[in-house]
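Have a look at the structure below, then the notes.
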Amino acid sequence: MMVLNMVRQGVLGELVHGEAGYMHELREDRELLGPNGEVRWRLEQMIRRDGNLYPTHGLGPVAQCMDINRGDQFDYLVSMSSVSKGLNVYYADRFGKNHPLANQDYAIGDVNVTMIRTKMGRTITVGHDTQLPRPYSRINMIQGTKGIVQGYPDRIALESNSHGHNWESIDQYQDQYEHPLWKKLNREAKGKGHGGMDYMEIHRLVECLHSGIEPDMNVYDAAAWSVISELSEQSVAQRSRPIYVPDFTRGRWKRNAPLGIIGG
């Protein structure tokens, strides 16, 4: 939210590129195996699908900064997956090399990289990496003509400061650019899930419904962000052939106003 505020105020200049992802070891996740070793929905997906299985978590913030569906639109994508090794090695170590899960043929590559180009010529890379040992990251990178912001760890480099050659902590910009809604709800949200963001998301949605105004994320956003998963599969299956992204707004993205900075 703070980065969105910085983007709206022109701190990063004109946006050119973004990076997002869901990079998070899930091999011990309870959504893969049940307590009795039964295969659950997430592992089922990994067995039969090869592509970016979870683009929305990382892609959403980048899409909002880039005004997707509100001045720009996903145009086409290409996607590529690595070989699949991580789950076989993990289950062999855990259950023994003769266990069915250790010898399962998993469709999903251990690492998927999907590249999106927008109608306005911007580029976005979206990663998926959940079967190998690695710390959690969504990357959260936005790059413009005047600077760059990157997450995990949060840092910033601006043309106006050291000519963009050195990273700085983004914390020093918090007082100036903190999102007004976060300022308003920070005390109430503290300690209420995912650093307070769960409370803030629910509060904002209920506020929109009570006020009769369109939510900040609508069904067109949900469709555009989610379809990347299916289209990435198509591209991977066709040796990374470019796949066009449908325009769910039927051209209204050209007229829709960008998301504003919601006041406190």
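Coordinate-derived values only; no laboratory data. What you see is a predicted model, and the numbers here were worked out from it, not measured in a lab. Don't worry about glycine lacking a Cβ; one is built from the backbone with ideal geometry, like all the others, and counts go over all protein chains shown.
Tabulated values for the structure
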| read-out | value |
| --- | --- |
| Under 13 Å, Cβ to Cβ, from Leu259 - net charge with Lys/Arg +1 and Asp/Glu -1 | -2 |
| The range 188-264 - Rg and Dmax from Cα coordinates, angstrom | 17.1, 49 |
| Loop-exposed trypsin sites (Lys or Arg not before Pro) per DSSP, neighbour cap 10 Cβ within 10 angstrom, longest uninterrupted part of the chain | 31-189 |
| Around Asp216: net Lys/Arg minus Asp/Glu count, Cβ-Cβ under 14 Å | -2 |
| Relative compactness, the range 144-193, computed as alpha-carbon Rg over 2.2 N^0.38 Å | 1.40 |
| Per-residue [θ]222 nm for the chain (sum of -39500 (n - 2.57) over DSSP H runs n ≥ 4, rounded to 500) | -9500 deg cm²/dmol |
| Residues of the range 116-132 with amide N under 19 Å of a point placed 7 Å along Cα→Cβ from Asp75 | 116-126 |
| Size of electric dipole in the chain: Cβ of Lys, Arg +1 and of Asp, Glu -1, about Cα centre, debye, nearest 20 | 340 debye |
| Helical segments meeting 18 Å axial Cα length and Kyte-Doolittle -1.0 threshold in the chain (DSSP H) | 197-211, 219-237 |
| Within the range 107-264: Cβ-based charge dipole about Cα centre, in debye rounded to nearest 20 (Lys, Arg +1; Asp, Glu -1) | 500 debye |
| Highest-fluctuation residue, Asn186, Asn98, Asn88 considered, GNM on the chain with Cα pairs under 10 Å | Asn98 |
| 29 Å Cα-Cα reach of Lys254 towards lysines, excluding residues that sit fewer than 8 places from it in its own chain | Lys119, Lys146 |
| Stretchable slack from Lys119 to His17, in nm (0.36 nm times residue separation minus alpha-carbon distance) | 35.4 nm |
| DSSP beta bridges in the chain [antiparallel fraction, %, rounded to 5] | 80 percent |
| 10 Å binning of all Cα-Cα separations within the range 91-131, expressed as whole percents from 0 upward | 25, 30, 22, 13, 10, 1 |
| Leu158, Leu209 arranged by Cβ crowding within 10 Å, fewest neighbours leading | Leu209, Leu158 |
| Length-normalised contact order of the chain in % [C-alpha pairs under 8 Å, at least 6 apart] | 30 percent |
| Segment Glu214-Arg134, extension gain: residue separation times 0.36 nm, minus the distance between their alpha carbons | 25.0 nm |
| Gln9 versus Met197: modelled label distance in nm, points set 7 Å from Cα along the beta carbon direction | 2.1 nm |
| Estimated FRET transfer efficiency (Asn98, Glu28; beta-carbon r; R0 25 Å; 0.05) | 0.75 |
| The range 57-169, relative contact order in percent, only Cα pairs under 8 angstrom and at least six apart counted | 21 percent |
| Length gained when the stretch Lys146-Arg241 is fully extended (0.36 nm per residue, less Cα-Cα span) | 30.9 nm |
| Structure-derived mean projected area of the Cα convex hull in nm² - corresponding label in (i) 17.0; (ii) 20.2; (iii) 16.1 | (iii) |
| For the range 197-225 and the range 43-98, distance of Cα centres in Å | 24 Å |
